[in-house]
Amino acid sequence: MSDTQPDAPSLYAAREPVFPKRVSGKFRNLKWVIMIVTLGIYYLTPWIRWDRGPNLPDQAVLVDLANRRFFFFWIEIWPHEFYFIAGLLVMAGLGLFLFTSALGRVWCGYACPQTVWTDLFILVERWIEGDRNARLRLHRQKKLDFRKVRLRLTKWLSWLLIALATGGAWVFYFTDAPTLLGDLFTGDAHPIAYTTIAILTATTFAFGGFAREQICIYACPWPRIQAAMMDEDTLTVGYRAWRGEPRGKHRKGEGAEELGDCIDCMACVNVCPVGIDIRDGQQLECITCALCIDACDDIMAKIGKPRGLIDYMALTDEVAERAGQPPKSVWKHVFRPRTMLYTALWSLVGVGLVVALFVRSDLSVTVAPVRNPTFVTLSDGTIRNTYDVRLRNKHGEERPFEISVKGHPALRVQLEGTPYGAVQVPPDTTMLQRVYVLAPPNSKPAESERWDIRIWVEDNANGDRVYKDTIFNGRAN
């Protein structure tokens with residue numbers, strides 16, 4: 001007997017590169033449209049101009065990190081209004097739950113950035129190296145000749161330019177795009193801009209060009225989460241095995257009448273961007289891009305069989321069709337209690353944000369009493385309290401803000417740095433103003449240590465008013 005032991009099986013399988021074949025059809029056309037629209041929005045949005053006055057870049061969409069503000073056309077979000085951003089994130093999450101519950105991983109298959117940029121990189125690869133068979137031959141070619149080097153370098157250079165444009169477009173959202181573009185070429189841009197572009201260029205180049213489906217399978221958590229969002233009525237891409245099996249290529253001869261509609265042409269596998277066989281059933285890797293539907297429908301049309309061997313369907317449809325019953329309509333799958341609940345919650349958050357956006361004032365104020373000391377008694381017996389008042393002017397021009405106090409007719413306001421009751425607040429600025437509130441002698445009850453007061457701020461330009469309640473401290477003499 002030999003002392004040698006058989007090698008233990010490896011638990012690691014090397015990646016098999018995926019070379020999707022070009023396909024035409026309604027779902028592929030939909031993906032082209034979504035890719036063009038999403039990439040157009042991403043690359044072009046920073047270049048849309050919008051008049052924001054003399055102190056800000058004339059940019060429609062701008063993330064002003066220095067002043068912690070976000071601008072979206074006519075909407076301006078300040079730091080204290082972060083609830084708008086939180087609300088949008090909640091809406092995005094609910095929208096993702098809604099679409100996944102109704103149509104499976106349509107986000108992954110059509111609009112996910114990894115999918116969109118991978119589609120773009122594959123398109124460039126196909127233009128340069130050819131379709132699936134040509135790319136497979138080039139991949140399997142061991143000899144490194146001039147043609148292979150030329151094609152690979154051309155492809156990688158094209159990918160690198162796309163990745164560079166992707167990283168560059170991102171930094172344009174954070175400052176004036178035309179100015180930054182000039183600074184990047186002259187070397188005057190901030191090192192953070194160059195670092196950010198380099199990191200995003202490298203990740204886009206690696207993820208879209210080389211990692212591709214590996215990001216969806218191993219790095220993205222959504223395939224593991226989606227099961228909680230789906231049920232037996234969720235529409236997703238599936239194979240009608242009861243119609244396609246047993247599969248076989250020969251349509252004539254003995255036993256041909258026993259074969260199913262599937263001719264085992266592998267068209268569905270060859271066009272799949274993650275390299276799976278949908279005929280094996282639902283799989284974690286499937287991103288529901290529906291390209292296999294286009295490929296299969298094309299084959300069915302050529303051999304004279306009904307379309308829909310691979311189609312969007314639900315588990316309940318499978319049970320019904322196997323029993324010879326018609327499946328539910330698409331609308332019955334889409335509109336059911338679960339999806340309607342998600343829709344109602346999504347709409348509720350959206351309506352709330354819209355209402356909050358329209359009722360908010362362009363003037364806001366915060367009041368912080370100075371605690372050390374809590375009050376000062378002047379030589380004539382007047383009690384003085386000090387407050388730090390933050391005046392926020394959200395307009396694009398300077399505004400006069402008048403400050404007054406309510407709580408007792410005898411109370412009066414004195415502003416530090418000016419003899420007037422109003423101050424000029426610069427545009428798009430939060431200004432700190434020290435305010436003194438004075439109570440004449442004997443204007444407060446002798447037994448009172450605290451007094452509720454209300455500090456009002458009025459925009460003299462348009463009459464907008466806001467107030468903050470606070471406390472006046474001190475015992476009268």
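The values are calculated or read from the model by the stated rules, or taken from the named source; none is laboratory data. This is a predicted model, so every value here is computed, not measured. Here the Cβ positions follow ideal geometry from the backbone for every residue, glycine too, while neighbour counts run over all protein chains shown.
Observations on the model:
- Scanning the stretch 429-440 for residues that are surrounded by 15 or more Cβ atoms within 10 Å (Cβ to Cβ) and closer than 16 Å to THR418 by Cβ gives GLN433, VAL435, TYR436, VAL437, LEU438.
- Any hit, the stretch 452-471, residues being in contact with a Pro (Cβ under 8 Å, 6 or more places away or on another chain), crowded, with 16+ Cβ neighbours inside 10 Å and over 26 Å from ARG68 (Cα atoms): yes
- In the stretch 343-370, the residues that are at pLDDT 85 or above and within 20 Å of THR470 (Cβ to Cβ): VAL365, THR366, VAL367, ALA368, PRO369, VAL370
- Scan of the stretch 213-234 for residues that are more than 21 Å from ARG15 (Cβ to Cβ) and either out of contact with any His (no Cβ under 6 Å at 6 or more places or on another chain) or modelled with pLDDT of 90 or more (or both), ordered by number: ILE225, GLN226, ALA227, ALA228, MET229, MET230, ASP231, GLU232, THR234
- Residue selected from the stretch 303-318 under the condition in a helix (DSSP H, G or I) and not aliphatic (A, V, I, L, M), by the criterion modelled with the lowest pLDDT: GLU318
- Pairs meeting the criteria (first residue in the stretch 68-94 and within 26 Å of VAL365 (Cβ to Cβ) and without any contact (Cβ under 8 Å) to a residue 24 or more places away in the chain, second residue surrounded by 14 or more Cβ atoms within 10 Å (Cβ to Cβ) and polar (S, T, N, Q), beta carbons under 9 Å, at least 6 apart or on different chains) are PHE71/GLN59; PRO79/THR430.
- Qualifying residue in the stretch 334-349 (condition: in contact (Cβ under 8 Å) with a residue 40 or more places away in the chain, within 30 Å of LYS21 (Cβ to Cβ) and of a type in the set (A, V, I, L, M, F, W, C)): no
- You will find that of SER379, SER443, SER404, the residue that is surrounded by fewer than 14 Cβ atoms within 10 Å (Cβ to Cβ), more than 30 Å from TRP50 (Cα to Cα) and polar (S, T, N, Q) is SER379 and no other.
Yes/no per residue for (1) of a type outside the set (A, V, I, L, M, F, W, C); (2) part of a helix (DSSP H, G or I):
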position	(1), (2)
LEU284	no, no
ILE287	no, no
ALA301	no, yes
GLN325	yes, no
TRP331	no, yes
MET340	no, yes
VAL355	no, yes
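- Annotation: ASP362 fulfils all but one of (1) touching a helix residue (DSSP H, G or I) at 6+ places or on another chain (Cβ under 7 Å); (2) acidic (Asp, Glu); (3) within 30 Å of ASN460 (Cα to Cα); the unmet one is (1).
- When each of GLU213, GLU257 is tested for being charged (D, E, K, R), out of contact with any Lys or Arg (no Cβ under 8 Å at 6 or more places or on another chain) and surrounded by fewer than 19 Cβ atoms within 10 Å (Cβ to Cβ), the lone residue that passes is GLU257.
- Matching residues in the stretch 145-195 - criterion: being closer than 28 Å to LEU123 by Cα and not in a helix (DSSP H, G or I): ASP145
- Within the stretch 38-86, considering residues that are of a type in the set (Asp, Glu) and within 15 Å of ARG392 (Cβ to Cβ), the one modelled with the lowest pLDDT: GLU81
- Selected residue (criterion: surrounded by the fewest Cβ atoms within 10 Å (Cβ to Cβ)) from residues of the stretch 126-146 that are at pLDDT 90 or above and either in the same structural domain as ASN270 (by TED's automatic domain parsing) or hydrophobic (A, V, I, L, M, F, W, C) (or both): PHE146
- The stretch 407-419, residues that are touching a Ser or Thr at 6+ places or on another chain (Cβ under 8 Å), surrounded by fewer than 16 Cβ atoms within 10 Å (Cβ to Cβ) and modelled with pLDDT of 85 or more: none
- The number of residues in the stretch 193-249 being out of contact with any Leu (no Cβ under 6 Å at 6 or more places or on another chain), within 26 Å of ALA323 (Cα to Cα) and of a type in the set (Asp, Glu) comes to 3.
- Any hit, the stretch 162-170, residues being β-branched (Val, Ile, Thr) and exposed (fewer than 15 other Cβ atoms within 10 Å of the Cβ): no
- Counting the residues of the stretch 220-239 that are farther than 14 Å from LEU96 by Cβ and either surrounded by 15 or more Cβ atoms within 10 Å (Cβ to Cβ) or in contact with a Pro (Cβ under 7 Å, 6 or more places away or on another chain) (or both) gives 6.
- Residue in the stretch 128-135 that is part of a helix (DSSP H, G or I), in contact (Cβ under 8 Å) with a residue 24 or more places away in the chain and in contact with an Asp or Glu (Cβ under 6 Å, 6 or more places away or on another chain) present: yes
- When the residues of the stretch 350-366 are filtered to those that are of a type in the set (A, V, I, L, M, F, W, C) and touching a residue at least 60 places away in the same chain (Cβ under 8 Å), the one that is nearest to VAL389 (Cα to Cα) is VAL365.
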